Amino acid sequence: MSKQPIRGTRDLMGIEHLRHLELAEIARKSALDYGYHSIETPIFESTSVFQKSLGDTSDVVGKEMYTFLDRGGESITLRPEGTAAVVRAFLHAGLTQTLPQKFFYSGPMFRYERPQKGRYRQFYQIGVECLGYDDPYIDVECIALAHNLLKTLGIETTLYLNTLGDASDRIIYRDSLINFLTPYVHELSQESQVRLLQNPLRILDSKNAQDQKICESAPQMILSKASHAFFETVCKNLQALQISFEHDTKLVRGLDYYAHTAFEFKSTSLGAQDTVLGGGRYNDLVAQMGGPHVPGIGWAMGIDRAALLADHTYGHSKKLCIAVVPVGEEQKQEALLLTQTLRKENLYVELITAYNDLGKRLKTAHRLKAEWVIILGEDELKENKIQLKYFGENTDIQKMQIITKDELLNIIR
Ligand code: HAM
C-alpha cells in the first residue's frame, strides 16, 4: 500500500489544518452578519446537477469532473463547485416562493486539474449564494462581503470586474467574436480553436500568449441599455463604498452560468494560480436546473490559496500550554485528576505520560512549548505539594517553586 496520498490531494495537519478551519470560521461569521445561513450539501451529486449548469463546454465539465458509476449504475460526480449543488438543494427544499434565500457553505471540492502551487484535485472553498434579487446593489453588497473578508484576513488583492451582459447581449457578442477570430483560426492555440465555435468568449481569458495578442484588438461587448445601466450602478456603488477595482473586459470566468456582473480578486503573491476568490451573477441557472426564474449572485474563495496568503497568526493556538508531568506510574492518577480540574478552568492542558522517563517527558513538554510545567513527584505529593516550573518570558516570575495545589490556579492565571 502506498502511503502517499493521491496526486493533487494532501493531508492537512497541525497549524495548516487549524488555519483552514479558522479561516472558514471567520468567513462563516462574516457571512452570518450579512444574513447568510449555513448550508451543507452532499459532496457527491447526480452528474446531471453539474453537467448542464456549469456548461458542457466549460473545462470543469469537459475535463475535470470526477465522475463514476456507483454500484447501482447511477452516474455520480464529486462536486467540483458549490453553486449548482446549492441551487439543487434550494429547489429540492421548495424555497422558490420564499425569497430571498441566502446560503453560506464551506467544504472540499474536486477537480481533475494539473496539480501545482495553489491548485489541487481536492481543494477547499467557502462560498455564498444569494438567490432572489436582480438588483445591482445586491451585487455590490456581495462583493463588499468578499472585499471585507479578505481585508480581515490580511490578504492583499486587486479586484477585477466585468459585465457579461444578458443572454441576448452575449448572443450578439458571440457572433462578432467569431467573425473577428475566424481569420486567425490557424494562429490560435489548439484549445482556442476548439472553443471558437463552442464558446468563443472563453478565448478572451486564454493564458496562451499568442491568443492574448490576437485578442488585444478583439471587439468589446455592446451592452443593451439595461445591461449598461446595471453595470454602471455596480461600478458607482463600489466607488461609493471605496472599493477600488479594475474593469477587465477580458474577464469571462470559467463556468458558463454567469450573466452581468463577474469578478475575481487576484493576488500577486500566488504565481500562476492567482485568483483567491471569484464569482458573479447567474440569473438563468435556477430556471436551467428546472426551477422558475430566480436570479442569483455569489462567489467562492479557495481556502488553500487564502491560507497561503492570510495573516500568519491564523492557525496558531492562542492558549498557553500547561503541561502536567507525573514522575512515575504511581503519580499518573493524581496527574489525570489535576488535568481535569485545570481544564474545567478553561485552560489548555497536556497530560504527558509518554516514555517511562522524566527527562523525556520534560523534553516533550518543551517541544509542546509549555509555558508552565507541573511536576508530580512522590515526595512533594506526600505533603500535598507540587513542583511548578515556568518557561515563559516574564522575568518577574520564579523559574521553579514548590507550592500547594490550592495555590496553583492563583499563580498560573
Ligand atoms: P471558481 O472560480 O471555479 O468559482 O472557484 C473559486 C475559487 O476556488 C478560485 O478562485 C480558487 O481560489 C479556488 N479554486 C478553484 N479551483 C481550485 C483548485 N483546483 N485548487 C485550489 N483552489 C481552487 C466557483 O467555483 C463558483 N462556484 C463561484 C461562484 C459562487 N460563483 C457564483 N457563486
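Ranking Ile297, Leu336, Val128 by Cα position along the charge dipole of the chain, where only Lys, Arg, Asp and Glu carry charges on their C-beta atoms, puts Leu336 farthest toward the positive end. Summarising the amide proton neighbourhood of Ala259: residues at separation of 5 or more, or on other chains, whose placed amide H is nearer than 5 Å comprise Arg281, Tyr282, Asn283. Setting aside same-chain residues fewer than 8 positions from Lys405, which lysines have a Cα under 20 Å from its Cα? Partners within reach: Lys332, Lys344, Lys382, Lys385, Lys389. May I ask for the distance between the Cα centers of region 67-83 and region 196-222, given as a whole number of Å? Cα centroid to Cα centroid, the span is 32 Å. Here the chain is assigned +1 on the Cβ of each Lys and Arg and -1 on the Cβ of each Asp and Glu. Its dipole about the Cα centre then comes out at about 680 debye. As a proxy for reagent exposure, ranking Met400, Met65 by other Cβ atoms within 10 Å from fewest up yields Met400, Met65.
Shape class of the chain from the Cα gyration tensor (axes a ≥ b ≥ c, square roots of the eigenvalues): prolate, since a/c reaches 1.5 or more and a/b is larger than b/c. Under 5 Å from the amide H of Ser224 lie the amide H atoms of Asp166, each residue being 5 or more positions distant or on a separate chain, with H modelled from the backbone and absent for Pro and chain starts.
Once you order the gyration tensor axes a ≥ b ≥ c over the Cα atoms, which shape class does region 9-135 get: rounded for a/c under 1.5, otherwise prolate or oblate by comparing a/b with b/c? In terms of gyration-tensor shape, oblate.
Neighbours of Asp274 by Cβ distance under 14 Å: Lys/Arg scored +1, Asp/Glu scored -1, total -1.
By the beta-carbon count within 10 Å of each Cβ, the least crowded to most crowded order of Glu74, Glu16, fewest first, is Glu74, Glu16.
Given labels modelled 7 Å from the Cα in the Cβ direction, how far is it in nm from Arg71 to Leu18? So the label points at Arg71 and Leu18 sit 4.0 nm apart. When Thr233, Thr249 are arranged by Cβ crowding within 10 Å, least crowded first, meaning fewest neighbours, the order is Thr249, Thr233. First check a/c for region 104-254, with a ≥ b ≥ c the square roots of the eigenvalues of its C-alpha gyration tensor; if it is under 1.5, answer rounded, and if not, answer prolate when a/b is larger than b/c or oblate otherwise. Oblate shape, in that a/c is at least 1.5 and b/c is the bigger or equal ratio.
Computed from the coordinates by the stated procedures, all read-outs in this text should not be read as laboratory data. Here the structure is a predicted model, which means the values were calculated and not measured. Backbone-built Cβ (ideal geometry, glycine too); neighbour counts: all protein chains shown.
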